[in-house]
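The values are calculated or read from the model by the stated rules, or taken from the named source; none is laboratory data. Quick caveat: nothing in here was measured; it's all calculated off a predicted structure. Cβ: placed from backbone, ideal geometry, glycine included. Neighbour counts: every protein chain shown. We work out accessible area using only protein heavy atoms, side chains counted, and drop any ligands, DNA or RNA first. Shrake-Rupley method; radii C 1.70, N 1.55, O 1.52, S 1.80 Å.
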Amino acid sequence: GREVAGRVWSPGLTTVSDYGDPGALLRAAMASKRAAARGGTGIHPAQVEAYNRAFTPTPEEVAQAEEIARAYEAAYAAGEAYAVCQGRIVDSRVAQSAREFLEFAAACAEKDRQKAAARARMQPSGGA
């Protein structure tokens with residue numbers, strides 16, 4: 001394992017038993033993300049914000065995935081078996097992973113829009 005936040009950690013989902021420490025919750029979620037997790041399960045409401053912050057794709061991650069997918073699509077259209085993007089070889093599997101990540105990012109964005117609409121509906125109206 002490796003040490004994260006002063007504890008030995010094994011790859012995979014991490015857990016924190018102190019739900020009163022938002023920083024520890026976020027660090028644990030970020031460690032899970034670095035281990036390729038796309039989400040987590042929680043038993044406490046305090047985990048929701050940390051999971052949302054850690055696992056929602058950032059604009060930079062989305063831009064990188066788009067660039068990878070575009071590079072492969074251009075290479076494939078030119079009859080090449082792979083592309084080189086950001087100094088890395090992008091084959092069909094890497095391109096597929098980028099496309100799957102973009103689908104995940106789109107699903108996260110849609111869920112965020114739904115949550116925002118629900119919160120807006122719950123706001124008290126100005127009249128009555």
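The table for this structure:
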| read-out | value |
| --- | --- |
| Using a Förster distance of 35 Å, the FRET efficiency for R119-R99 (Cβ separation, nearest 0.05) | 0.70 |
| Extension gain (nm, one decimal) between A77 and D91, 0.36 nm per residue minus Cα-Cα | 3.7 nm |
| Degrees separating the helix 59-77 axis from the principal Cα axis of the chain, which is the longest one | 20 |
| Net charge dipole size for the chain [Lys, Arg +1 and Asp, Glu -1 on Cβ; Debye, nearest 20] | 380 |
| Carbon and sulfur %, accessible surface of the chain computed with the full protein complex present, 1.4 Å | 55 |
| Calculated semi-axes √(5λ) of the Cα gyration tensor in Å (choose from [x] 33, 25, 9; [y] 23, 18, 13; [z] 40, 16, 12), label | [x] |
| Surface accessible to a 1.4 Å probe, per residue, for the residues of the chain, Å² | 68 |
| Projected label distance in nm at A107 and A46, using a 7 Å step from Cα toward the beta-carbon | 2.9 |
| Of the trypsin sites (Lys or Arg not before Pro) in the range 19-128, those whose Cβ has at most 12 other Cβ within 10 Å and which sit in DSSP loop | R38 |
| Value at 222 nm in deg cm²/dmol, rounded to 500, when DSSP H runs of n ≥ 4 in the chain each add -39,500 (n - 2.57) | -19500 deg cm²/dmol |
